[in-house]
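For reference, the structure discussed in these notes is given below.
The values are calculated or read from the model by the stated rules, or taken from the named source; none is laboratory data. Note that this is a predicted model, so its numbers are computed, not measured. Here the Cβ positions follow ideal geometry from the backbone for every residue, glycine too, while neighbour counts run over all protein chains shown. Remember, those area values only see protein heavy atoms, side chains included, never the ligands or the DNA or RNA. Shrake-Rupley method; radii C 1.70, N 1.55, O 1.52, S 1.80 Å.
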Amino acid sequence: PHLAALVLARGGSKGIPLKNIKLLAGVPLIGWVLRAAIDAGVFHSIWVSTDHDEIEKVAKQFGAQVHRRSPEVSQDSSTSLEAITEFLNHHQEVDIVGNIQATSPCLHPSDLIKVADLIQKEGFDSVFSVVRRHQFRWSEVKKGENKMTEPQNLNPAKRYRRQDWPGELYENGSFYFAKRHLIEKGYLQGGKMAYYEMRAEHSVDIDIDIDWPIAEQRVLSFGYFGKEPLKEVKLLVCSIDGCLTNGRIYVTEDHKEMVSYDYRDIVGIDLLKKRGIQVRLISDRDCSKTLSAMQLGCVAKVNVTNKLQVLKDWQEDMGLSWKEVAYLGNEQSDVECLKQAGMSGVPADACAAAQKAAGYICKSRGGCGAVREFAEHIFLLLEKVNSARKQ
């Protein structure tokens with residue numbers, strides 16, 4: 001049977017404009033679930049249903065196909081079931097839909113693999129995600145009502161300790177898998193049903209803006225970053241023009257060139273060095289005088305025609321694996337380096353090709369704190385590496 005992953009991501013959002021592609025820990029929100037779906041390797045096709053050009057662009061960058069949904073199922077009042085039904089009407093080859101919520105960035109491929117087995121091998125018609133919660137519920141008393149609240153799932157005279165109570169299962173909305181015949185009858189849950197219990201730390205749902213900084217910390221701690229385990233970064237290579245500087249060149253009347261840089265980026269480089277990470281600089285043009293004036297104390301290579309070859313030479317000379325190399329670039333000439341490095345980033349104003357190749361997109365522009373921001377991102381991921389080692 002053809003199992004299709006389907007992520008619903010319309011452009012309209014009352015809470016956060018274009019929430020589905022807003023950067024979360026340097027990656028568009030929808031990118032986290034698409035990465036997990038692709039790496040799970042259980043889907044015959046992976047789709048994003050959207051009505052927005054920018055969301056379509058991001059979806060394709062992450063390797064998904066796009067279904068352009070109609071205005072009729074793109075309203076605030078439109079239901080997920082309506083959007084899924086429309087998708088199935090256009091894709092007769094699909095037998096099972098795995099509807100994955102775009103706002104669940106801590107989803108892991110292992111969860112999707114197990115759910116696919118439940119519905120494909122064990123014969124369930126529908127499977128949905130739940131999370132276990134240890135919360136006591138009380139009845140609601142509306143204003144003006146002359147009655148008392150009542151316990152719903154506890155005896156106040158004998159309250160359970162957390163370790164003595166298994167808790168309750170709640171839908172967390174991360175995914176709903178269902179067979180075509182069930183959806184065509186108007187159900188996402190029905191027939192032979194099963195739930196899949198997700199780990200609490202992986203159950204993250206972004207609904208309102210205040211959740212965003214909390215979600216970023218959760219993603220950095222518990223998110224899925226790829227098939228290979230993260231390694232400690234030993235080398236950061238940074239493109240000079242457009243990353244360390246803003247890319248602008250000022251020419252004086254006596255034909256001298258001047259560039260500007262942000263002191264925060266210099267601090268970021270110093271912090272990296274103090275953590276034992278080498279920082280090396282690279283440029284397409286000859287900017288040796290500029291580097292001399294900046295007095296950064298970094299190994300640099302200028303007038304480079306093949307950045308990837310220089311990066312390979314440095315990596316081999318230092319005896320590093322690619323997972324131990326980070327790269328910050330912004331132009332077409334940086335694309336292959338971004339793809340090769342274990343950790344890659346670009347400033348917010350990098351070219352489209354560089355953004356597509358990068359694993360992290362900074363909120364800061366080139367020459368305006370992007371190096372410092374990427375350094376902070378490296379430090380957070382190093383904490384994740386150290387945490388994994390302790391475990």
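Only strands (runs of 3 or more DSSP E) whose full extent lies in region 283-359 are considered here, and the ones with at least 3 residues that are under 19 Å from Ala25 (Cβ atoms), at pLDDT 90 or above and open to solvent by less than 50 Å² (accessible area, probe 1.4 Å) are 325-328, 343-346. Number of residues in region 114-144 that are under 31 Å from the mean Cα position of the chain (by Cα) and of a type in the set (Phe, Trp, Tyr): the value is 2.
For region 249-258, the criterion of being within 22 Å of Arg365 (Cα to Cα) and either in a helix (DSSP H, G or I) or small (Gly, Ala, Ser) (or both) is met by no residue.
Scanning region 1-19 for residues that are modelled with pLDDT of 90 or more and open to solvent by less than 30 Å² (accessible area, probe 1.4 Å) returns Leu3, Ala4, Ala5, Leu6, Val7, Ala9.
I'd like to verify a number: residues in region 159-173 that are loosely packed, with under 14 Cβ neighbours inside 10 Å and either touching a residue at least 60 places away in the same chain (Cβ under 8 Å) or not in a strand (DSSP E or B) (or both), how many? Number satisfying all stated conditions: 7.
Quick check: is even one residue across region 228-240 within 23 Å of the chain's Cα centre (by Cα), surrounded by 18 or more Cβ atoms within 10 Å (Cβ to Cβ) and over 30 Å from Ser283 (Cβ atoms)? No; the residues of region 228-240 include none that is within 23 Å of the chain's Cα centre (by Cα), surrounded by 18 or more Cβ atoms within 10 Å (Cβ to Cβ) and over 30 Å from Ser283 (Cβ atoms).
Quick check on this structure: which one of Ala102, Ala37, Ala59, Ala4 is more than 25 Å from Ala352 (Cα to Cα), in contact with a strand residue (DSSP E or B) (Cβ under 7 Å, 6 or more places away or on another chain) and either in a loop (DSSP other than H, G, I, E, B) or not aromatic (Phe, Trp, Tyr) (or both)?
Details: Ala102 fails: more than 25 Å from Ala352 (Cα to Cα); Ala37 fails: more than 25 Å from Ala352 (Cα to Cα); Ala59 fails: more than 25 Å from Ala352 (Cα to Cα).
Answer to the check: Ala4.
The residue list Leu81, Leu112 contains one member that is more than 16 Å from Asp39 (Cα to Cα) and either in a helix (DSSP H, G or I) or not assigned by the TED database to the domain that holds Lys185 (or both), which is Leu81.
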